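Presented below is the structure to which this report refers.
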Amino acid sequence: MPDPTRPVYKRVLLKVSGEAFAPKSENGVEMEVVSKLADQIARCRSSGTQIAIVVGGGNIIRGSQLSARSQVIQESTAHYMGMLGTVINGLALQDALEHIGCQTRLMTAIRMDGVAEPFIRRRCSRHLEKNRVVILGCGTGQPFVTTDTAAALRACEIGADMLLKATKVDGVYSDDPVKNPHAVYYDSLTYQQVLEQNLRVMDMTAIGLCMDNRIPITVFNYLKEGNIERAVAGEKVGTIVKVS
Ligand code: UDP
């Protein structure tokens, strides 16, 4: 019998894309939007699950898009700019959480003394054990990958029980459900199905990392009120990707 007083997950990694920080269909950071996100995250702590969050930066800069638009900038430079963008989101989320009394630490993969702590796995785990929400910025610290890969990597490093990928749709579909009303929704998938059918869950490197380390992924809609709490508490809220 499961013990209702004990959380389903000891530790989760939540991936929040940059779009969750911006006003509707725009770029930049809107604190009203960030505060709503922070409210949901702060409420999750009552479940007793430790939460680390990898923040995206697509609302500020996507390295590949910036470099594709200009012959002046080197692609690696554009990716570093993208990584710095994630720290802007991380700082916004940190203040929004602290404003409502939620203890946090911002840790970055690129050293930024005076702004954030460097990401050190053991120190990150210690913060989590102390029930601090740890926000992880700068992705992996390496260019040419995305924050999805960073989320998978950090989930492996910190031994997360589940990677929660917050999106604007209810889960994984055969096609973009916004554009194609006939897109089929998947309740559950294996990593192999995601890779073979090239389904848009996370990028392939991220899926491969989760598959090799047997970390299940839940893709869910964070815009539905209470869904982040439900996902963190281990309730079924979207598509689950796992071994079988
Ligand atoms: N990025 C990178 N290395 C990383 C993570 C991110 O170079 O480990 C850069 C990359 O250019 C990416 C940008 O940061 O486009 C912003 O991250 P991402 O596109 O993953 O943000 P999201 O789509 O989640 O908002």
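The values are calculated or read from the model by the stated rules, or taken from the named source; none is laboratory data. Small disclaimer: the values here were computed from a predicted structure and weren't measured. All Cβ positions, glycine included, derive from the backbone under ideal geometry; neighbour counts span all protein chains shown. Side chains are part of the model used for accessible areas, which takes the heavy atoms of the whole protein and leaves out ligands, DNA and RNA. Shrake-Rupley method; radii C 1.70, N 1.55, O 1.52, S 1.80 Å.
Side notes on the structure shown:
- Note on the range 168-244: the alpha carbon radius of gyration divided by the globular reference 2.2 N^0.38 Å gives 1.08.
- Where HIS127, HIS182 fall by accessible area, highest first, once all protein chains stay in place (1.4 Å): HIS182, HIS127
- If R0 is 45 Å, the Cβ-Cβ spacing of VAL72 and LYS224 corresponds to a FRET efficiency of close to 0.60.
- Cα gyration tensor shape for the range 105-145, rounded if a/c is under 1.5, else prolate or oblate: prolate
- Distance between the range 32-46 and the range 168-244 - C-alpha centres, whole angstrom: 22
- Shape category assigned to the range 47-96 from the gyration tensor of Cα positions, a/c cut at 1.5: prolate
- Residues with amide H under 5 Å from that of LYS165, placed H, sequence gap 5 or more: LYS15, THR218, VAL219, PHE220
- Summing charges over all other residues whose Cβ lies under 10 Å from the Cβ of ALA38, with Lys and Arg as +1 and Asp and Glu as -1, gives -1.
- Coil-residue GluC sites (Glu not before Pro) of the range 1-109, DSSP, other Cβ within 10 Å capped at 13: GLU26
- Ranking of THR190, THR205 by solvent-accessible surface, largest first: THR205, THR190 (1.4 Å probe, protein heavy atoms only, all chains present).
- Along each principal axis, taking the top coordinate minus the bottom one, the Cα set of the chain gives 60, 44, 34 Å in descending order.
- Total formal charge among the other residues, if their Cβ is under 12 angstrom from that of ARG230, Lys/Arg +1 and Asp/Glu -1: 0
- Beta bridge orientation in the range 11-242: antiparallel %, DSSP, nearest 5: 15
- For the chain, the solvent-accessible area with a 1.4 angstrom probe is 50 square angstrom per residue.
- DSSP H segments from the chain that extend 24 Å or more along their own axis, Cα-based, with Kyte-Doolittle mean of 0.0 or above: 75-99
- Chymotrypsin sites (Phe, Trp or Tyr not before Pro) within the range 104-187: DSSP coil, no more than 15 neighbouring Cβ in 10 Å: PHE144
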